[in-house]
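Taken together, the values in this text are just the output of simple stated rules run on the coordinates, not laboratory data. Keep in mind that what you see is a predicted model, and the values were worked out from it rather than measured. Ideal geometry is used to build each Cβ from the backbone, glycine not excepted, and the neighbour counts take in all protein chains shown.
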Amino acid sequence: MTSPNAQPTKRAKLTKPAKRADRFHLTTAIPYVNARPHIGHVLEWFQADVINRYQRLLGKRVMFTSGADENSLKNVQAAEKAGVPVSDWLDKYAQIFQDAYQRLGIELDEFRRGSDQTKHWPGVQQLWRATDQAGDLYKKTYTGLYCVGCECFYKPEELVDGRCPQHQESPQQVSEENYFFRLSKYQRQLRLLIETDQLKIVSEKFKKEVLSFIDQGLEDFSVSRRAGRARGVGVPVPGDDSQVMYVWFDALTIYMTALGWGYDHQRWLRFWPADVHFIGKDILRFHAVYWPAILLSAGLPLPKAISVHGFLTADGRKMSKSLGNVVDPFQLIERYGLEPVRYYLLRYIPSHGDGDFSYDSFERLYTAELANGLGNLCSRVAALCHRAGLAGGDGQAGADQLPAFSPQVAARLDELELGEALEIINQRVAAADQFLSDTAPWTKRVEAQAEVLRAAVQQIVQIATNLRPFLPQTSRAILEHFRQQRVAALAPLFPRLEQS
Ligand SMILES: [Zn+2]
């Protein structure tokens, strides 16, 4: 029935012009909203928000979208456990997530809920019909080991001691007739697209992981569930009421329905394909294999890049309620402030690898790079300018004429290497400090002193310009301060931490 080596059929190209280069679409992953956002969510959102701000600062028209995966058996079970109707449960958590974005200073253009029957369901069904018309859906009876937590089937050899490797729970033996998607048909095409970076997986380590998964041979996967087993939750399969769609087929489509796919075609065309999906490594396979294959089948353009982050541990151990070591990102922000937490997650935690949180490393980084680094540099130069009564700034405060991003920083941002970009910026802070010590303006006469201070202010303005996507509030405060005609003394940007 399926021939793994069959070439995908040629499909009609989109007749509309491709998305213009001055437009940019990025997404965060579409989470289950059955708990409060954890620090892993916040890490991912900060990463995406840096690129959101960076692309806007480059003058592009940006669409920054996310949403909630709501048509899941997991949500039904959680609502039942809490003794509330599922819709109330979903409303509550969708709101909690949207409030969290707001509190974190992250401005999404669209948050698409999976339960939205007007702006989401028609798009999912349209995508289903497109893959069906391509001949890529067929029905078959399947028996397998299913983890509700993961919403996916496992092969026995993928289990650890008979349990799901993610949830440490025994999967259920499930046997039923479902629709299957001909993933096997796209094996060669997918491999080529990923190998050649037409679909770029960042970083290289994750790209290799995907390629090796593809090389093991792609098997067709089930894209529907018996409506009864899904407890009636889910997008109905067009023309077959007995089946609802597999949550991944449904949730991944949020990337397109957030733009208008299924109800506003023009708007969708303006921004699709996504320039980058930000995800965690646990859902790499769904994004780098399943999703592009579905899009290929439907004849739609693929996302250009997938930026993959790792997991966070606390003091070297997995965070868990039973260990009592779960780090609440909002408590952290309460204690240290929004931007220090943002800086830490972007700078100390690897952009594309696992990282370890500890209060110790947090406070060390804060003290070294924010209080003693950037903050002290700014206070020092401001104080010298003030004492000298010098016109330090370019008098452009409030005007738009800022220097451009440094090419090295821009290059790292283009490559989605956010930690490396911050590393370069931090080196510039150290270099500016060194410049002050070397030139010792306080020993110089008025003219020479003014020259040195103007150079130092220029360095600070360039540093703050580069920092805009990373620390929006701090960089704005620095730029406003140092671009005044007369630079006044400056209160510490990052107060020293009290010894706890
Ligand atoms: Zn699982």
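Some notes on this structure:
- Per-q log10 I(q)/I(0), the stretch 372-500, q = 0.09, 0.16, 0.18, 0.20 Å⁻¹ (Debye; single scatterer per alpha-carbon; no solvent): -0.26, -0.79, -0.97, -1.16
- Highest mean packing first, where packing is the average number of other Cβ atoms within 10 Å per residue, the peptides 267-278, 130-141 line up as 267-278, 130-141.
- Cross-link partners of K60 among lysines (Cα-Cα below 18 Å; sequence separation of 8 or more within a chain): K19, K304
- Cα-based helix-to-principal-axis angle, 204-215 vs the chain, degrees rounded to 10: 10
- Taking a ≥ b ≥ c as the square roots of the Cα gyration tensor eigenvalues, the stretch 152-307 comes out oblate, since a/c reaches at least 1.5 and a/b does not exceed b/c.
- Among 333-343, 459-469, the peptide with the highest mean count of other Cβ atoms within 10 Å heads the list, and the full ranking is 459-469, 333-343.
- Averaging Cα coordinates gives a centre for the stretch 223-289 and one for the stretch 404-479; these two points are 44 Å apart.
- Shape category assigned to the chain from the gyration tensor of Cα positions, a/c cut at 1.5: prolate
- Straight-line cross-link reach from K140 at under 24 Å between alpha-carbon atoms covers these lysines, not counting any fewer than eight positions away in the same chain: K155, K185.
- For the chain, the longest principal axis of the Cα atoms and the long axis of helix 338-347 meet at an angle of about 70 degrees.
- Among beta bridges that DSSP assigns inside the chain, antiparallel share in %, nearest 5: 50
- Hz values of 3J(HN,Hα) by residue in the stretch 324-336 - Karplus curve (6.51, -1.76, 1.60), Gly and Pro given as x: x, 10, 6, 8, 8, x, 6, 5, 4, 5, 4, 7, 10
- Modelled spin-label separation between K74 and D354, with each label point placed 7 Å from Cα along the Cα-to-Cβ direction: 2.0 nm.
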